[in-house]
Amino acid sequence: MKIVVCIKQVPAKDAPLSIADAWIRETDIGFEMNEPDSYALEEALRLKEKHTGEVIAVSMGPERVKQTIKEALAKGADRGIHIVDDKAHMLDPLGAAKSLAAAIEREKPDLVLTGLQSDDQGFGQTGVLVSELLKLPHATLIMQINLQNNVQGQGLRVKRELEAGWFQWVELPLPAVLTIQSGINKVRYATLKGIMAAKKKEIASVTRESLGVAHESTQHIERVYVPVKTKKTEFLTGTPKEAAAKLLEKLRHEARVL
């Protein structure tokens, strides 16, 4: 089984962010693998260990993204693909999905896994768009994956998380695309042996232009800013009945909680 895992490099959670040119100042912070994608990678590695096969880590971004790909290789992925794009952070989900889908299509995988969403922008759309572009069946919010054989051949039976503590079992054929829910498993750490082995594993670099992807962004970042904390106190005067009426009005039309 050939499994492709889409991983994204995002700013570290404890990084002190500062703004520059309508984006964060990247020179001042560290980066790490997107946490939801780490669960997708772990699930791919477990499927490989159980059923044999190959795991390929795909990521897009500037040169520093290779470090995240190397982390995936150290954990057990067999090889990596780096889609080189210094302005990947400016892409909307469709633009990112087009690039990823073009690179993935060349591999003809049996299964594509992504995290549910990214920690930085959190759109939660890239995995779904990749499945549509590849014209493959997909399911989201996956909490369990079972491979099974049926009349049509090998397929999947997956457990989806719904609202209010409910779950749903879905069957779909292979190849397919799944977006993995965080917490599906316990993510492993890279061992010293894995880190040493990663140095010999292949990371193929391709540019977005070489993939033949043309995309005009459907959304644009107008402003990035740190929220300003403010305090405001207002005294409601009048009789208790009048004060209650004023409070009710504010809760309905200003706070919009009623």
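The values are calculated or read from the model by the stated rules, or taken from the named source; none is laboratory data. On a predicted model such as this, the values are computed, not experimentally measured, just so you know. Using ideal geometry, Cβ is built from the backbone for each residue, glycine included, and neighbour counts are taken over all protein chains shown.
Of all strands (runs of 3 or more DSSP E) completely enclosed by region 152-258, which ones contain at least 1 residues that are among the aromatic types (Phe, Trp, Tyr)?
Counting at least 1 such residues, we get 167-173.
Here's a check for you: in region 15-40, which residue that is closer than 30 Å to Thr52 by Cα and of a type in the set (Asp, Glu) is surrounded by the most Cβ atoms within 10 Å (Cβ to Cβ)?
Of everything passing the filter in region 15-40, Asp37 is surrounded by the most Cβ atoms within 10 Å (Cβ to Cβ).
Which one is nearest to Gln125 (Cα to Cα), of the residues in region 195-243 that are at pLDDT 90 or above and among the basic types (Lys, Arg)?
That would be Lys201.
Output the helices (runs of 4 or more DSSP H) that fall wholly within region 33-122 and possess 1 or more residues being more than 17 Å from Lys201 (Cα to Cα), or say none.
Ranges flagged: 35-51, 93-107.
Just checking, how many residues over region 210-235 are in contact with an Asp or Glu (Cβ under 9 Å, 6 or more places away or on another chain) and either without any contact (Cβ under 8 Å) to a residue 12 or more places away in the chain or of a type in the set (Gly, Ala, Ser) (or both)?
The total comes to 2.
Of everything in region 104-121 that's within 15 Å of Ile56 (Cα to Cα), of a type outside the set (A, V, I, L, M, F, W, C) and touching a residue at least 12 places away in the same chain (Cβ under 8 Å), which residue is surrounded by the most Cβ atoms within 10 Å (Cβ to Cβ)?
Thr114
Please indicate, with yes or no, whether at least one residue in region 80-87 is among the basic types (Lys, Arg), out of contact with any Phe, Trp or Tyr (no Cβ under 6 Å at 6 or more places or on another chain) and under 12 Å from Lys8 (Cα atoms).
Checking region 80-87: not a single residue is among the basic types (Lys, Arg), out of contact with any Phe, Trp or Tyr (no Cβ under 6 Å at 6 or more places or on another chain) and under 12 Å from Lys8 (Cα atoms).
Would you confirm, using the coordinates I've provided, whether Leu141 is in a strand (DSSP E or B), in contact with a helix residue (DSSP H, G or I) (Cβ under 7 Å, 6 or more places away or on another chain) and of a type in the set (A, V, I, L, M, F, W, C)?
no
Please specify each residue of region 200-258 satisfying the condition of being of a type in the set (Asp, Glu) and within 24 Å of the chain's Cα centre (by Cα).
Glu202, Glu209, Glu216, Glu222
Restricting to region 122-157, name every residue that is of a type outside the set (A, V, I, L, M), loosely packed, with under 13 Cβ neighbours inside 10 Å and modelled with pLDDT under 90.
Within region 122-157, Gly122, Gln148, Asn149, Asn150, Gln152, Gly153 qualify.
For region 212-226, indicate whether the set of residues that are touching a Phe, Trp or Tyr at 6+ places or on another chain (Cβ under 8 Å) and surrounded by 12 or more Cβ atoms within 10 Å (Cβ to Cβ) is non-empty.
Yes, there is a match, as at least one residue in region 212-226 is touching a Phe, Trp or Tyr at 6+ places or on another chain (Cβ under 8 Å) and surrounded by 12 or more Cβ atoms within 10 Å (Cβ to Cβ).
Would you be able to tell me the number of residues in region 15-32 that are at pLDDT 75 or above and part of a loop (DSSP other than H, G, I, E, B)?
Total satisfying the criteria: 7.
Output the residues belonging to region 1-14 that are part of a loop (DSSP other than H, G, I, E, B), charged (D, E, K, R) and surrounded by 13 or more Cβ atoms within 10 Å (Cβ to Cβ).
Lys8
Checking the conditions here, which among Asp28, Asp85 is out of contact with any strand residue (DSSP E or B) (no Cβ under 7 Å at 6 or more places or on another chain) and on the phi < 0 side of the Ramachandran plot?
Just a single option satisfies the conditions, and that option is Asp28.
Is it the case that Ala190 is surrounded by 11 or more Cβ atoms within 10 Å (Cβ to Cβ), touching a helix residue (DSSP H, G or I) at 6+ places or on another chain (Cβ under 7 Å) and of a type outside the set (Val, Ile, Thr)?
yes
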